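None of the figures in this text is laboratory data; all of them are computed from the coordinates on show. This structure is a prediction, so every number in the text was calculated from the model and none was measured. So basically every Cβ, Gly included, is an ideal-geometry build from the backbone, and we count neighbours across all protein chains shown.
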Amino acid sequence: MSEATLAESHAVAHAADAHGAHVSPTTGLSNNKLAMWLFLGSECLLFGGLISTYMLYRGRHTGSPGPAQLWDIPLTSVSSFVLLMSSLTMVLAVSAAQERDDRLTCIWLSVTALLGSTFVGAQVYEFTSFYHEGVGFTTSLFSSSFFTLTGFHGIHVTVGIIMLMSLVGIISRSKVPGDKAEVVELIGLYWHFVDIVWIVIFTLVYLIPA
Amino acid sequence: MAIIERPSTVPALAGGGAPQFVTPSSSYGVFRRPVSSTGWRSWLFTVDHKKLGLMYGGAAMFFFLVGGVEALLIRTQLAAPDNTLLSASLYNQLFTMHATTMIFLFVMPVTTGFANYLVPLQIGARDVAFPRLNAFGFWCFLFGGIFLNTSWFLGGAADGGWFMYQPNANALFSPSHGVDFWSLGLQITGIASLTGALNLIVTILNMRAPGMTLMKMPIFTWMVLVVQFLLVFAIPVITVALFLLMFQRVFGAQFFNVDAGADPLLWQHLFWIFGHPEVYILILPSFGIVSEVLPVFSRKPLFGYKFVVFSGAAIGFIGWGVWAHHMFASGLGPVSVAVFSVSTMLIAIPTGVKIVNWTLTMWGGKLRFTTAMLFAIGLIVEFTIGGLSGVTHSVSPSDTQQTDTYYIVAHFHYVLFGGAVFGIFAGFYYWWPKVFGKMLSETLGKWNFWLMVIGMNLTFGPMHILGLQGQPRRMVVYPEKLTGEGFFNLHFWNTVASVGSYILATGILMFLINVLHTARKGAKAPLDPWDARSLEWLTASPPKAHNFDVIPHVHALDEYFHLKYEEVDTDAGPRLVKVKTAEELLAEQEANADEHIHMPSPSYWPMIVAIALPIIAYGIIFSKVLAVAGGAILLLGMFAWSLEPSVADDSDYDPPQGGAPSKELASV
Amino acid sequence: MTTTEHIDHTEAHPETHGHKPNSFYIKVAAALAFITGIEVALYYLTLGAWYLPILLVLMLIKFLTVVSLFMHLKYDNRMFAMLFYSGLILAVLVYVAALMTFRFFDGG
């Protein structure tokens, strides 16, 4: 969905550029960026609901392992660190894009995607090891809500990686419809949002004991 | 769309960078961009907000009839005691789908249709901010609605009531695929609502004509803005709830499995955190419509415009803090019940402010009782009745008595039918000449109105009595010997309600006849039949494809009125004098028309991406392969969409060089 | 909008774009990494009653740092901040209220 909004381009801006200022946006702000921030505001309620569900159910796992037995804090700390650093590389990509340095933009975007993939890889490893310890999606209320919450987050990261990689491909072939720097910035906003959601999950789910 | 005018030779600059020329035909290799501006293709691939608005309206009216038939079946079953017309199972499906259809497939999309059509016109814009996203939203709604209704033929529809309480809607108690269809279908229409809301908010914030500050916006646009904010923040909540439900039923998750220690109230909270803002999502657009209609037919500005705006915003805000009043009987505990009871009483204040403002708008005005005006007044009266019974629910001891009785059914039909639907019909009669250039018949309109008013009061009025007498909601059959005697005989009042529902249906039929009659031999509408006040009347009827020849500069609230009338000082004090007619204003527009109007171009992708969603949904229910195929279509469609510029390249608009249009050009 | 040289472009709107040198972002990231280190260290220490509030404050600092600096919300137009924070604050209020009705916070 967010990808759809991204390239939903600048009908008005286009007209404004070509035909004078009389149809330029009222606020002077980009339509795409407004929509992206609004979408992220909306996502807060999505993740809020998933986090609340987890918080309510985290202690309900009679007869099967719970958070205290399962968490591998060193692993999760490292993967959290990796995701945090991907925000840095993302912001460097945005900077490079604003400087119109396509080569550097692509490099930073690729590094971001690589870090994101590392994070997803760690998550897959984590899920598998939980499964081997006897905690699957359907095992308990705790496990259902944990896998749903972190799974949703993982899907968001994966969608972000797909967008990053597509963007690298598109930029290197110079086929971005619209403002290249803005597209990078918009995907950057999405990426940082995914990161801040993880900041919350890392603390509320992993570090605080149930 | 295709305004085929040669664009300016100045190259369009993309965001300050080097000029970027992207020829659509070379970028994606699958299809060339559709260009038809007539025929069915022009509708199917359109991104025009007016065409999409009409399609929203048309599809929603179809679902209105479907939901209406479901309602008539329910009322027929209840017309007499010991009735065997419907089985209990079918009855459950009917009331579930009646509510689901009316809420998600009629009122929401039809008001989205109004918003789509009118908001750009009211704010002096040529289209919405994201035309393709707009088309995507429409197709999601339509495909989601159709998907939801195919459940009738694939093992039975959802049967858990529109709020689908848990664990009653678990696979154990509801073994058909109905609830799966329900959760997935609403997920799809939810995507429609979310994208539509993002689009309309950005449009309203960003694309107003020069000079139109927020406090000079038409009141309907204001109410639409509030509703879209409610949608943006409420839809994700129901999304979470629907995902949990789907995971529970399809993948065996535990969320609502009470054996595993689940709390059934989790569903209720998530549902009503969405559900209460939802009721304002349903009613506020109608409030906006009557706030447009009443001033026009009272020949007075809206009384206390600012109060109406702020009370609308206040309703939107407080609407987030009252959801648990739907759960007073669920054992929340005294503190929660007290808090939500008070917040619910509070929300009656801004609603009352609106009622007072409307009444005072009419006070001392030169009233014209057109059909649109009658529906608007009907809303004030019927909604107030529903609002008053609503206040009785906010008092939790009283609510505990009323919960799950017909009294509740009476209440929400007064506010939703007498409120939302009456507002929508006021809008039909008011804007029909604008949209179609023809006047709906006033004679048939009066029949339509009075049959609906009588019908709805006969149908829903007795339900107050039935409910207070203890008739439960969702009851399929009642035995004769338990109907009681005298004035409170349940059989009698149920029969009255059923007869009322047929009168109501006749009223709707009058509307359909009116539409057909108008389409075939309706009188051509004058440019400004009602002496209206807002900008949508500044353009031709039906509006031109690009809405305005010149983007108006706005100086005042009710700008169009102020273009027509000026205040002149006379001996008897200042008086309004008509200085320009609608025809003169339109001629002025046409004389100064912008030369190069470059509208967004049609696209295949919104529809293709949207159709992937029901394919995935069928796949989740029936076959993994189908889900994967749907996912592939979704992904490819999104790529193609992202790579396609929303405005076709200048070269696409080139007129043919000498003679007949070349085939190449026409298909680009 | 017609500027083609990026130098002019960035100098013309330093506030709206929040364009900072890369070294600034690296410092911010280092600070974030440091805070994450503290969080993990706290996990292995036994702080008792102080653990939860400290952890929540650190979480909030990290959250707001990324939002304000990496997402440029601090330098960008206030409209963006309003849209995002209204969603965020609404989410916190509504869900905390819902969890309160489950007496989630009663146990401490």
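For this structure, a couple of remarks:
Condition check ((1) more than 10 Å from chain B (Cβ to nearest Cβ); (2) of a type in the set (Val, Ile, Thr); (3) more than 15 Å from the chain's Cα centre (by Cα)) across all residues:
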site	(1), (2), (3)
A:Leu141	no, no, yes
A:Leu164	yes, no, no
A:Arg173	no, no, yes
A:Val194	yes, yes, no
A:Leu207	yes, no, yes
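- Every residue from region B:470-505 that is among the polar types (S, T, N, Q) and in contact (Cβ under 8 Å) with a residue 24 or more places away in the chain: B:Gln471, B:Thr483, B:Asn494, B:Thr495, B:Ser498, B:Ser501
- Only one of the listed residues (B:Ile281, B:Ile289, B:Ile273) is facing chain A (nearest Cβ under 10 Å), hydrophobic (A, V, I, L, M, F, W, C) and crowded, with 24+ Cβ neighbours inside 10 Å. That residue is B:Ile273.
- Counting only residues that are of a type in the set (Gly, Ala, Ser) and more than 19 Å from the chain's Cα centre (by Cα), region B:130-162 holds 7 of them.
- Restricting attention to region C:91-108, the residues being more than 7 Å from chain A (Cβ to nearest Cβ) and surrounded by 16 or more Cβ atoms within 10 Å (Cβ to Cβ) number 3.
- Subset of region A:78-110 (residues that are without any contact (Cβ under 8 Å) to a residue 24 or more places away in the chain, surrounded by fewer than 21 Cβ atoms within 10 Å (Cβ to Cβ) and assigned to a helix (DSSP H, G or I)): A:Phe81, A:Arg103, A:Leu104, A:Ile107
Yes or no, residue by residue, for (1) in contact (Cβ under 8 Å) with a residue 60 or more places away in the chain; (2) touching a strand residue (DSSP E or B) at 6+ places or on another chain (Cβ under 9 Å); (3) surrounded by fewer than 21 Cβ atoms within 10 Å (Cβ to Cβ):
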{"position": "B:Lys306", "(1), (2), (3)": "yes, no, yes"}
{"position": "B:Ile315", "(1), (2), (3)": "yes, no, no"}
{"position": "B:Trp323", "(1), (2), (3)": "no, no, no"}
{"position": "B:Ser330", "(1), (2), (3)": "yes, no, yes"}
{"position": "B:Gly333", "(1), (2), (3)": "no, no, yes"}
{"position": "B:Phe340", "(1), (2), (3)": "no, no, no"}
{"position": "B:Leu346", "(1), (2), (3)": "no, no, yes"}
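- Among the residues of region C:53-71, the one identified as more than 20 Å from A:Val197 (Cβ to Cβ) and either facing chain A (nearest Cβ under 7 Å) or surrounded by 13 or more Cβ atoms within 10 Å (Cβ to Cβ) (or both) is C:Ile54.
- Comparison of B:Phe548, B:Phe449, B:Phe488, B:Phe492 shows that the only residue that is over 26 Å from B:Arg368 (Cβ atoms) and in contact with a Gly (Cβ under 8 Å, 6 or more places away or on another chain) is B:Phe548.
- Counted residues, region B:543-565 - those being away from every other protein chain (no Cβ under 14 Å) and within 23 Å of B:Ile219 (Cβ to Cβ): 12
- A:Val120 surrounded by fewer than 21 Cβ atoms within 10 Å (Cβ to Cβ) and either in a loop (DSSP other than H, G, I, E, B) or away from chain B (no Cβ under 14 Å) (or both): yes
- Conditions (1) surrounded by fewer than 16 Cβ atoms within 10 Å (Cβ to Cβ); (2) within 27 Å of the chain's Cα centre (by Cα): number failed by B:Gly364: (2)
- Count of region B:473-514 residues, restricted to those that are buried (at least 19 other Cβ atoms within 10 Å of the Cβ) and under 16 Å from B:Glu442 (Cβ atoms), is 4.
- B:Leu242 being out of contact with any Gly (no Cβ under 7 Å at 6 or more places or on another chain) and more than 7 Å from every other protein chain (Cβ to nearest Cβ): yes
- Residue in region A:123-134 that is among the small types (Gly, Ala, Ser) and farther than 21 Å from A:Lys33 by Cβ present: yes
- Qualifying residue in region B:421-434 (condition: among the charged types (D, E, K, R) and either outside any helix (DSSP H, G or I) or free of Cβ contacts under 8 Å to residues at least 24 places away in the same chain (or both)): no
- Selection from region A:96-111 of residues that are under 25 Å from A:Thr158 (Cβ atoms) and of a type in the set (S, T, N, Q): A:Thr105, A:Ser110
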